[in-house]
Structure formats: structure tokens, C-alpha cells
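The values are calculated or read from the model by the stated rules, or taken from the named source; none is laboratory data. Note that the structure is predicted; figures quoted are calculated from it, not measured. Neighbour counts are summed over all protein chains in view; Cβ atoms, including those assigned to glycine, are modelled from backbone coordinates with ideal geometry.
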Amino acid sequence: MLTCILGLACVSDPSAEDSETSGSDSSDSSDSSDTAEPEGGRCDPAAAAPCAGAGTQMCCSDDPAAVSLEDLAASVTPAYLGRGGEGTPIFSGGNNGFGRSGTCVTQGSIPPAVALADPNAEGCPVPCNPTWSASQISATCGPAAACCQAQALETQDCAFDPMLGDAGCWRPVTGGDIVGLGGADASNWSAGNHATHQDPGGAGCEAFVNVIPQPVLDGNGITAPDVLFACFRRLSVANQRGYCRSGGVDACDVFADPCAAMNEAEARTGCG
């Protein structure tokens, strides 16, 4: 499997230290006004045979999480091939196979003009984060498109945050809530800890870090553990994963928010 790091060539050998620049153009943001909806069921991009339609379907990641090696703390959008963005996609685009959350899509069903062109994900719909700002969604999806959540949250995806509201609130958990990372210390991110969490156990993050050449780490003044923890903090549950879709927000499926329902059931105030 090819693995891609922004500014480097895609490599097939995880130990390769190839600093050749890629041919990607990260300055052009496409208009996704004709984006088609993925048509298959849920799948695991890291699985050997993730979709029933072997040879005719591909498992396309719905996770746009990205990181900038120049500034690990920065919130960045993914730099897909020819579509703009600032950071290296961790679980999508060229690194589609590192993720565990996706949708089976029939090859050729997404119009090429509005599909990813990245190796390992060519023809996939464009992943996006429904919680992004309007400007981030527009830059990634195009001005006429919306970012639609791809999967429903479940109650198990909620974490209690004592810093929210008047006396604490339930909210969707994030990788930043993993014990020791400075968040709510509400998760160990194991397979059974939540229902829709990306990369349970962190194997995808570890694989992502392992393909970054040491000279690249040194050149940015960072270490492999620095990148690993940055990756952990970008792990998410279903509310932060989706696909670009035409038709505005009215075209999106509407999912209930179990965390908000828990706040209401417990009469918690100030939770928004």
C-alpha cells in the first residue's frame, strides 16, 4: 500500500526515507457542487476485504483528520491532491488504509471532477468534518456543497465534561479525552470503550507515524511520540466524520444527538 505524507512522494516501503516532492497541487480548491452520495454500507478501510463488491467497490474513509508537521497544534484541513488544504490526511486520501471508518462506494460512481484523486482513494467522495466552520467546509467541499455526517452517534460515544455548562455536560468524546492527554480523561480508546470511534487502540496512528522519515521529523524539530500524540488528539467519533455533498444542509441525513439527550434527561443546564 502506498502511504503519503504532504510534501513527500507516496512510498510503498514504510521504512523508506524518500524526501522527493510529490506532484500534488495544494493551492486549488475544487467546487463540489455535483458531489454524489456514497451508496454502500459501513466498512473498515483497514480490512483485507472491507466491501462485499470485491473488485467493484472500495472502502472510502469518511475521516478528514489531518496534521501539519510544521505545527502539530494547528487545526488544519486535509491537503487532498489538487483540492487545497494545509495538513497531511491521517486516515483518508493517500492514507485511506490507516483508518477504520468508511463507506463502500462503487468504483466510478462519483464524478471524477468532485472525487478524490489521491492514490489509495481515487474516486472516493471527499471526506469532511461537519463541525468545521463554514469557511473550512466551503474550502474543502466547494461553495455550493454541505458536509454531511455519515454515521449516527451512539450513547457510548458521549463523555462527561465537568468544565462545560453550569455543572458539567455530556458531549461527543474526542481523542483529546484519552487519559493523560489533557482533556476530560474519559477514555482509554480501546475497542469496547465507545461505539463509533476511529482507530480503536491507536494502530492506525502508529502506522502513520512509522512512515514519516526521520529527517522529516528532525527538520521540523519534532519526535515520533510528538506526532503520535498529535494523531491521538485528532481521533474522533461519528459527529466529526462525513462527506461533502451537494444540495446544502437539506441534503444531509439528520441524526439524533444522544449526548444532548443525556443532558436533557439529567436536567443539566448551560450545555447549549
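Some points to look at:
- Residue within the range 179-191 that is outside any loop (DSSP other than H, G, I, E, B) and within 18 Å of the chain's Cα centre (by Cα) present: no
- Number of the exception - Ala134 against (1) at pLDDT 95 or above; (2) more than 21 Å from Cys51 (Cβ to Cβ): (1)
- Candidates Asn210, Asn239, Asn220, filtered to the one that is surrounded by fewer than 16 Cβ atoms within 10 Å (Cβ to Cβ) and at pLDDT 95 or above: Asn210
This table checks each residue for (1) of a type in the set (A, V, I, L, M); (2) buried (at least 24 other Cβ atoms within 10 Å of the Cβ).
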position	(1), (2)
Asn96	no, yes
Gly102	no, yes
Ser109	no, no
Cys128	no, yes
Thr131	no, no
Ala134	yes, no
Gln149	no, no
Cys158	no, yes
Cys169	no, no
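- Selection of first residues in the range 250-272 that are closer than 11 Å to Thr155 by Cβ and of second residues that are among the aliphatic types (A, V, I, L, M), restricted to Cβ pairs under 6 Å at least 6 apart or on distinct chains, gives the following pairs, ordered by first then second residue: Pro258/Leu153.
- Of all residues in the range 47-79, those being modelled with pLDDT under 95 and either crowded, with 16+ Cβ neighbours inside 10 Å or assigned to a strand (DSSP E or B) (or both) number 5.
Here is a yes/no grid of residues against (1) touching a residue at least 12 places away in the same chain (Cβ under 8 Å); (2) of a type in the set (Ser, Thr, Tyr); (3) out of contact with any Pro (no Cβ under 6 Å at 6 or more places or on another chain):
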{"position": "Gly41", "(1), (2), (3)": "yes, no, yes"}
{"position": "Ser68", "(1), (2), (3)": "yes, yes, yes"}
{"position": "Ala73", "(1), (2), (3)": "yes, no, yes"}
{"position": "Val76", "(1), (2), (3)": "no, no, yes"}
{"position": "Gly84", "(1), (2), (3)": "yes, no, yes"}
{"position": "Ser92", "(1), (2), (3)": "yes, yes, no"}
{"position": "Arg100", "(1), (2), (3)": "yes, no, yes"}
{"position": "Thr103", "(1), (2), (3)": "yes, yes, no"}
{"position": "Thr106", "(1), (2), (3)": "yes, yes, yes"}
